[in-house]
Amino acid sequence: MARYTGPDCKLCRREGQKLFLKGNKCVSNKCPFETKGYAPGQHGRTRRFKQSEYGIQLREKQKVRRIYGILESQFRNYFKEADQMKGITGENLLRLLESRLDNVIYRLGFAPSRKSARQLVRHRHFLVNDQLVDIPSYHVRVGDVIKVKENSKKLKTIHSSLRKIRDDRQYNWLTLDKANLIGTFMNIPHREDIPDMINESLIVELYSK
């Protein structure tokens, strides 16, 4: 499958804000966004211009794609699905993205970043309802139980990530049993429960053109 393989930190610099794509590195003094806060490229330091309405909408869509690690075609499919659902399209879109298995594993704290979570899923370290799942985009449903596979419970990546969970990383639509490395997807999150700074209405406006 096609995927982005370039430097993650350049994506944050391009969007002009931290997207927390590198886990712990993003909150350390080694984060390139702190030392190179300007946009990447030859004219990154000096290029300043007023963005058009379309440009603002496009940047918001690109930002969300990069936060969740999704390619353009995948993102467009998620939007089409969200648009066909009952309710507000933008909120439906975020709920679909939050229901991805790689995102749920990241939110539970089993991985320091979504990118790391995708790698752990592909390497077959997780069970969903006692069934092995190795597809990062797998749609997690209410009541689904996510477990670390028995012979994967000693992975340093998982334990290191769990040790660094802060109180503000606890989400009310998930429950976590740290001792047994089990998480449960309790309900679909409400818009106000999703902490990322996203203006989904701009994305709806972009695709509505």
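The values are calculated or read from the model by the stated rules, or taken from the named source; none is laboratory data. Since the structure is predicted, the reported quantities are computational estimates derived from the model, not experimental observations. Here the Cβ is made from the backbone with ideal geometry for all residues, glycine too, and neighbour counts use every protein chain on show.
Below is a table of values for the structure above.
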| quantity | calculated |
| --- | --- |
| Some residue of the range 124-136 being polar (S, T, N, Q), modelled with pLDDT of 95 or more and not assigned by TED's automatic domain parsing to the domain that holds Glu200 | yes |
| Qualifying helices (runs of 4 or more DSSP H) (wholly inside the range 45-156; at least 1 residues being free of Cβ contacts under 8 Å to residues at least 24 places away in the same chain, surrounded by fewer than 17 Cβ atoms within 10 Å (Cβ to Cβ) and polar (S, T, N, Q)) | 72-84, 114-122 |
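The rows are residues; the columns are (1) more than 18 Å from the chain's Cα centre (by Cα); (2) more than 28 Å from Glu53 (Cα to Cα); (3) assigned to a loop (DSSP other than H, G, I, E, B); (4) in contact (Cβ under 8 Å) with a residue 12 or more places away in the chain.
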{"position": "Asn172", "(1), (2), (3), (4)": "no, yes, yes, yes"}
{"position": "Leu176", "(1), (2), (3), (4)": "yes, yes, no, yes"}
{"position": "Ala179", "(1), (2), (3), (4)": "yes, yes, yes, no"}
{"position": "Gly183", "(1), (2), (3), (4)": "no, yes, no, yes"}
{"position": "Pro189", "(1), (2), (3), (4)": "no, yes, yes, yes"}
{"position": "Ile198", "(1), (2), (3), (4)": "no, no, yes, yes"}
{"position": "Glu205", "(1), (2), (3), (4)": "yes, no, no, yes"}
